[in-house]
Amino acid sequence: MVGEQPAKQDAPPAVMALSLPRAELSEAMQAYFAKCEEKLGYVPNVLAAYSHDDAKLQAFATFYNDLMLAPSGLSKLEREMIAVAVSSVNRCYYCLTAHGQAVRQLSGDPVLGEMMVMNYRAAQLSARHRAMLDFSVKLTEEPHRIEEEDRQALRNAGFGERDIWDIGAVAAFYNMSNRIASAVDMRPNPEYHGASR
């Protein structure tokens, strides 16, 4: 009909509140995005957000992969649990959605994933995991109050010196990531919401 507006197509959901065009990505980062597409079926929005600057994207991806995927005395699940506990304190929507899904997937327990997002203290955790998360949350809320007794509590729970470094590094990384995500209103990929339930 004359004067009728064409049906609007749904626009893809925004990655973040800032309008930053994607930079020309290096071959390494193009390959990284292609690997994400192949393995996950999508590029995580955190990577899409960083893609406005190839150097920043590479730095973020390298640090993330080292902390979360490289050999460590901490399991992948334990590192994801830290990410969720820290993100819960900071109320980071992006990281709670993305890493809550990872906890569900790695634990095979959707209830644990939801409890971790809301309040890790409500979950039935081992003494090891409770000590790890208590330390991570204290480091998030009151970093100036970390004392030797806090590190000793981790040793008493079975963590070695390198493990304590890794716990601190993962918690610190997610405090930084939460703040960037909040600053730019980063939005999680829709796929996270329904996965591993």
Which of TYR42, TYR174, TYR93 is most accessible, then next, and so on - probe 1.4 Å: TYR93, TYR42, TYR174
Correct choice for P(r) over Cα pairs in 10 Å bins from 0, in percent that was computed from the model, options (i) 8, 32, 34, 17, 6, 2, 1, 0; (ii) 8, 34, 38, 17, 3, 0; (iii) 10, 36, 33, 18, 3, 0: (i)
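Under the classification rounded if a/c is under 1.5, otherwise prolate if a/b is larger than b/c and oblate if not, where does segment 92-197 fall, given a ≥ b ≥ c as square roots of the Cα gyration tensor eigenvalues? Write down the numbers at each step before the final one.
Details: a/c = 2.39, a/b = 1.41, b/c = 1.70.
Note, shape of segment 92-197 comes out oblate.
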Cβ-isolated cysteines (cut-off 4.7 Å), the chain: CYS36
Contour excess over end-to-end distance, with Cα ends at ARG197 and MET176 and 0.36 nm allotted per residue: 4.7 nm
Segment 7-94: relative contact order in percent, alpha carbon pairs under 8 Å with at least 6 residues between: 24
Inter-part distance where segment 72-125 and segment 180-197 are each reduced to a Cα centre, Å: 14
Table column - 3J(HN,Hα) (Hz), segment 35-45, Karplus curve with 6.51, -1.76, 1.60, x for Gly and Pro: 5, 4, 4, 5, 7, 9, x, 6, 9, x, 4
J(HN,Hα) series, segment 65-72, from Karplus relation 6.51 cos²θ - 1.76 cosθ + 1.60, nearest Hz, glycine and proline x: 5, 5, 5, 9, 10, 6, x, 7
Fully extended contour minus Cα-Cα distance, from ALA59 to LEU25, at 0.36 nm per residue: 10.9 nm
Label-to-label distance, nm, for residues given as HIS144 and ALA183 (7 Å Cα→Cβ offset): 2.2
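The values are calculated or read from the model by the stated rules, or taken from the named source; none is laboratory data. This structure is a prediction, so every number in the text was calculated from the model and none was measured. When we count neighbours, we look across all protein chains shown, and the Cβ atoms used for this are built from the backbone with ideal geometry, even at glycine. These accessible areas exclude ligands, DNA and RNA; they are computed on the full protein's heavy atoms, side chains included. Shrake-Rupley method; radii C 1.70, N 1.55, O 1.52, S 1.80 Å.
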